[in-house]
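A short reminder: the numbers here are calculations on the coordinates, not readings from a lab. As the structure is a computational prediction, the values presented were derived from the model and not from experiment. With ideal geometry, Cβ positions are generated from the backbone for all residues, glycine too; neighbour counts draw on all protein chains shown.
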Amino acid sequence: MGEPETGYGSALTLDSMKVIAESIGVANLGEDAAKELADDVTFRLKVIVQDAMKFMNHSKRQKLSITDIDHSLKIKNVEPQYGFIQPDFLPFRYASGGGRELHFIEEKEIDLSEILSAPPPKIPLDVSLRAHWLSVDGVQPTVPENPPPLSKEAQKLESVDPITKLSKPANKDSAGKPACGKAARLKASESVHVKQLATHELSVEQQLYYKEITEACVGSDEGRRAEALQSLACDPGLHEMLPRMCTFISEGVKVNVVQNNLALLIYLMRMVKALLDNQSLYLEKYLHELIPSVSTCIVSRQLCLRPEVDNHWALRDFAARLMAQICKTFNTSTNNLQTRVTRLFSRALQCPSQTNSDSGPSMVTSMKESEKTPLASLYGAVQGLAELGPEVVKVFILPRVRWLGERVEGALSGIGGADRLAAGNLKHQLLKVLAPVVRQLRQPPDLPDDYKREYGYLGPSLQQMVSKLRLSPSTTGGGGAVAVVTCTPPLVPLTTLPTPSPQHQMLTKSVDSGTRSIINAPQSPAPSTPPPQKFVIVSQQKSQTQQASGASHIVVHSSQPTIVRSQNVQSSMVVTSGPANQQPQKVVVVGMQPQQTQGGVSQAPVSVVAKPVFARAPSAPQPPPELDDLSHLA
Amino acid sequence: MGEKSTPLLAVLQLLKKYNLKGTEEILRKEANLGDTEFQNLDLPEVEIANILSVHHTESDPFTYEHAYDCLKKFIENSLDICKYELSTLLYPVFVHMYLSLILYDHNEHAAKFLERFGQEQEDYYQDDLQQLSIVKAKEQIKGNELAEIYSTNKFDVQLSRDSSSQLKRFLHEQKSSPVIINIINNHILIDIHDGPGRTQAQVKATAGGILGEASRNENRAKVYYGLLKEPYIEVLATPPEDEEEVEETPDKPKKKKAKKDNVFMKKPKVDPNAPPTDRIPLPELKETDKIEKGKALREASKRVQLGPETLPSICFYTLLNSGHTALCADICDDSSLLAVGFNTSTIKVWTLTSVRLRGMKSVDKLQDIDKEAGDVLVRMMEEKDRDTCRTLFGHSGPVYKVAFDPFKTLLLSCSEDSTIRLWSLQCWTCVVVYRGHVWPVWDVRWSPHGHYFASASHDRTARLWATDHHQPLRFFSGHLSDVDCVQFHPNSNYVATGSSDRTVRLWDCLTGTQLRLMTGHKRPILTLSFSVCGRWLASGGGGGEVVIWDLSSGAPAAHLPPHHTAPVTALAFSRDGALLASGSLDCTIKLWDFALITDESANDENIASSSPAKEEKILLRSFATKNSPLKNLHFTRRNLLLAVGSYEGSS
């Protein structure tokens, strides 16, 4: 209403009349005739649409549908247009040719026999009735059946401009709270305390809920915790408790980092995850509390009491993934979140000579205190950067790899179990994240010497990893290394995986069944493999896989590039594909617990791939590892 | 046809009308008019007079714009007190100028004229102008609903005595260009009233009908809006434990509260505004009906008193997996059954309580039953429990309305297939098909006493039926467009209808005449609801507006603040009459303080000018549903609000 309509009504153009005439075989429609026709057709169409609107109104809809037009034609004694069923808007397409643009609807030819032979479509669900309380004594309960009491937009508006809340005290749309609430009182007394607006009053029920949820989240009962996290992830109407939740998390992290209580840190991170998953919350306001907490859990020098035994690596991985999720969700051009997070991590990777020049003073002092950034923090920083994508890896990790290699080398050769372990993990992690990137970056052949020259200590291992990747059939599209060795969610290159070749499926099948162990692949295994080679595929049964993936660490021991070590291998298979190889190689592939390094050795001329990840990688990404099984460590 | 031919045709038609054959022949010969054109002579009466009187000046297209400008200038310069009243003239003059331009084949000028002045017209006329703008040639006037209405009816404009004398003076000065004078003479009915000119708000409150405002004379007749006395049911039906109630509820068993603080009416045995009990013959209550009424009374005694401080609880019934197929819903008076009509021509009935839906026994078994037995009604039903949902098949088009009868044994439905069907809820079959409407039937409602029902249709009539007649008892015709909704007055003596011509009318069931014509809606009216006391009528429109009408005067008592953003599809009064609930396609339910609304109107006359602060207070609360547009609202006897909506996905 009232908007400046450009004139009253549109009309069909002469051109379209001519086109329509052509389509039914009238070649030269005169100008006058076309004009007459256009006017008349426009009039008739509009009359039909007018009546169709009545049918729309009585169908209690606000969108005109094709059935409305049919009914409108029917009451005008015109045969309805049968066969036009369009569930959505008509998808108009453009085509330009011969100097004029055309709109058209794509009509695909349908093969009837295909329809006949296809399985019948699913029967639509029957209409069913469900009752819930929209309001109890005038207050709308926040149950999933009701819309969230304060929409995300409203929450955002409130955080951006708190005055709005004050100016609309009687906002009855929100939450169904009695209008005589605090806002009304504020208005009545004419005293404007904008600061007070930041506090959120919690009803008794909400306080109780808060208490229960926080207790359950950090308590010992796993079942209750699952329920509590589920509630955090799904319930609408948590926004009033959000400030308290965030404070709870950030304080909790501060305390528990000091006390090195790994389990509690894990629980708190899972809370963060649940809050991130809740669609109805506007978290931007609380990122200043969440991000420090999460980054603490990634790069803190010590997260547990016994670093040599406890698996704090999983927490770092998990938190790094959270951070990536936060960056992905909340990064805007104003807050530059991802840039800032990246800078934070990359500073940790700064080698001492560089720190003097370009990092902040705080960094310098910390460097002096402990001489070096602890290996665990380095690990966290690497992991945090890796989760942000291959591009970040290329820019921020790759240039430092020489220095990082020196650190690893130093630690591995030194004494101290914890340091060795940390160095091992760091090395493994570096190889894992770097290999796909390097693979894209460099062209074969991969010569160990080149690598050594360029990447220092880690060069040879990297070279091996890369060549392994190149050979692996599952990564023909590149970048699938992660899928092979671990089961990180597909933040990194998993997405680029191509559809599996027939051979994959064969492999997959046999891996799953576990009965057949040898397959003769008739064709060349992977298009990108230059020389025909033999593959050894070492796989485990499912249960072990999950165990291994739960820990999410598969150590590829690559100082000796030609030995395959495998742990708990129950079935293995060898795929021969073609004539004998020219360069026999032995490769390690393994799924095993991080601490155990010895196992059965299978030797064969090989290149490798392991694990039923095969079976899963191309389809659904595996769920992120649950951290539950770590709780016993604490 | 040339420019000249229109007046010629008009002359011909006139000659034909008076059967002057000879002259006609000669004229036709001289003017060289073919037979085909002659066959098409169907200019409206009024137009002929118009054309004949002034064809020489009116055929000049340029006079129109000038004349309209003059009129505008005159109104702008007139006294403030008359300004708004006079400005109501602009729209009809504008429309008729446009139509006469078309009539004289100045099609391009007409388009230009519309372009230039169309935007200045009131917002609520823009929809009409869109419709009118479709008419771009003389022949199309006949096909266009709206243009026809304008050319065959007079537009009603109300002016005070002062304003009209000013207007007369102006018209006098305009002697040289008689365009406006002719339009006003031929197409506009000026209704002169005594007293000062009305303000903008007053004008706006009643403007908006297709033919302007309702004239004052139309709403003179007396309406017995009081409730009927309901005799001797209590004695029979009220169980002893409710004895107190017997004392207090002797007259209005259906909807009333125990306390006597009702502001609208007293509770003597005879309501002064009530019609005589036998004005309309009402059906005798059957034994079962009395039991039902007794139950209702007992429930009513447990009713929660509602008010701004004590808001009702709302139970929301969501129809899942229905997409856009569910069109309408109804809940029976005791809130135990829910019926939903679908655009797949089916009707589904759900039970809302733990009592399952049972059918009647087969014929053979029925014969064995002792008809004299006291519990024959129970015995004739099947013993074993049946489903929680039953489907009724029979219609061949979308079902636009379903309605339970007051005793929940029958169900009415109306459909696009132009039939009304009566279903038995005992044998779960269609019992009667009422044919009469020839176009889609939009709405059907039961009389609160049963037996009678009213229907509204696309054929611009509403009809009154009795269940035992296959022909309608009364036709209510007069609406200028589709009758979109219909509602029975609580005393069964009147029927209210709402229409796409943006008027609400009240009809007398006894005489079939129109008693009230109420204008003020700016969009089509989609739903109606009578207040519990019978004096007020609430109507919800296509733009989300809700208007409260006072039946005693036919004037709008209040326009509720425009909080709804989509068509209002359901209105319901709480059983004690204190609250009004409105549901809309914008997926919200809003609760309004009805006591305050009507109280206000009792205090001061201009509701339309009530302060915004008061308007804020009228809206008590708004509840949003999860993407589920409202189909129906229903207050249970204990004042719990039940709402029905269909979930339309999370998009």
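Using a Förster distance of 41 Å, how high is the FRET efficiency between A:LEU287 and B:GLU616, based on the Cβ-Cβ distance and rounded to 0.05?
Step by step, r from the Cβ atoms, then E = 0.65.
Starting from 0.36 nm per residue, how many nanometres of slack lie between B:GLN121 and B:LYS168 once their C-alpha separation is accounted for?
Residue separation times 0.36 nm, minus the Cα-Cα distance, leaves 14.6 nm.
Check which residues have an amide H placed less than 5 Å from A:LEU134's amide H, if you skip close sequence neighbours.
It is B:ILE314, B:CYS315, B:PHE316, by chain and number.
How much net charge surrounds B:SER552 when only other residues with a Cβ under 10 Å from its Cβ are counted (Lys, Arg +1; Asp, Glu -1)?
Once all neighbours under 10 Å are counted, the net charge is +2.
Other chains' Cβ within 10 Å of B:316-323 residues: what's the mean?
Details: counts 8, 5, 7, 4, 6, 5, 5, 3.
Whole-number average of other-chain Cβ neighbours for B:316-323 is 5.
Taking the square root of 5 times each eigenvalue of the Cα gyration tensor, what semi-axes in Å does the equivalent ellipsoid of the stretch A:205-342 have, largest first?
Equivalent-ellipsoid dimensions as semi-axes: 22, 21, 12 Å.
I'd like to compare B:485-493, B:446-454, A:214-222: which one has the highest average count of other Cβ atoms within 10 Å, and what's the full order after that?
Most protected by this proxy first, the peptides run B:485-493, B:446-454, A:214-222.
For B:ASP191, which sequence-distant residues (separation of 5 or more, or a different chain) have an amide H within less than 5 Å of its own amide H, given hydrogens modelled in the peptide plane?
When sequence neighbours closer than 5 places are left aside, the close amide H contacts are B:VAL157, B:GLN158, B:LEU159.
Evaluate peptide B:307-313: per residue, the Cβ atoms of other protein chains within 10 Å of its Cβ; return the mean as an integer.
4
Give me a single rounded figure for A:37-48: the average over its residues of other chain Cβ atoms within 10 Å of their Cβ.
3
Each residue of the stretch A:449-454 in order: what ³J(HN,Hα) in whole Hz does its phi give by Karplus 6.51 cos²θ - 1.76 cosθ + 1.60, θ = phi - 60°, with x for Gly and Pro?
5, 4, 4, 4, 5, 7
Can you tally the net charge around A:ARG316? Count Lys and Arg as +1, Asp and Glu as -1, for every other residue whose Cβ sits under 14 Å from the Cβ of A:ARG316. All intermediate terms of the calculation are to be shown ahead of the outcome.
Numbers: positive: A:ARG301, A:ARG321, A:LYS432; negative: A:ASP310, A:ASP317, A:GLU387.
So the environment of A:ARG316 carries a net charge of 0.
Which value, in debye to the nearest 20, describes the size of the charge dipole of the stretch A:205-342 about its Cα centre when Lys and Arg Cβ atoms bear +1, Asp and Glu Cβ atoms bear -1, and nothing else is charged?
Using Cβ point charges on Lys, Arg, Asp and Glu, the stretch A:205-342 gives about 520 debye.
Which FRET efficiency value, to the nearest 0.05, do you get for B:LYS371 and A:ASP137 by plugging their Cβ-Cβ distance into 1/(1 + (r/R0)^6) with R0 = 45 Å?
0.40
Collect residues whose amide H, placed 1.01 Å from N in the peptide plane, falls under 5 Å from the amide H of B:LYS401; neighbours closer than 5 in sequence don't count.
It is B:CYS414, by chain and number.
Take the cross-link list A:LYS394/A:LYS427; A:LYS60/B:LYS361; A:LYS46/B:LYS348 and give me the ones stretching past 26 Å between alpha-carbons.
Violating the 26 Å limit, Cα to Cα: A:LYS60/B:LYS361; A:LYS46/B:LYS348.
Using each residue's phi in the stretch B:525-536, evaluate 6.51 cos²θ - 1.76 cosθ + 1.60 at θ = phi - 60° and report the 3J(HN,Hα) Karplus result to the nearest Hz, with x for Gly and Pro.
Couplings: 9, 10, 8, 10, 7, 8, 5, 5, 7, x, 8, 10 Hz.
Pick out, from A:LEU447, A:VAL392, A:SER461, the residue whose Cα sits farthest towards the positive end of the charge dipole of the stretch A:389-471, with +1 on the Cβ of Lys and Arg and -1 on the Cβ of Asp and Glu.
Going by the Cα projections, it comes out as A:VAL392.
Given A:LEU275, A:VAL294, A:ALA226, which one lies farthest toward the positive end of the charge dipole of the stretch A:205-342, if we put +1 on the Cβ of every Lys and Arg and -1 on the Cβ of every Asp and Glu?
Final value for the positive-end residue is A:VAL294.
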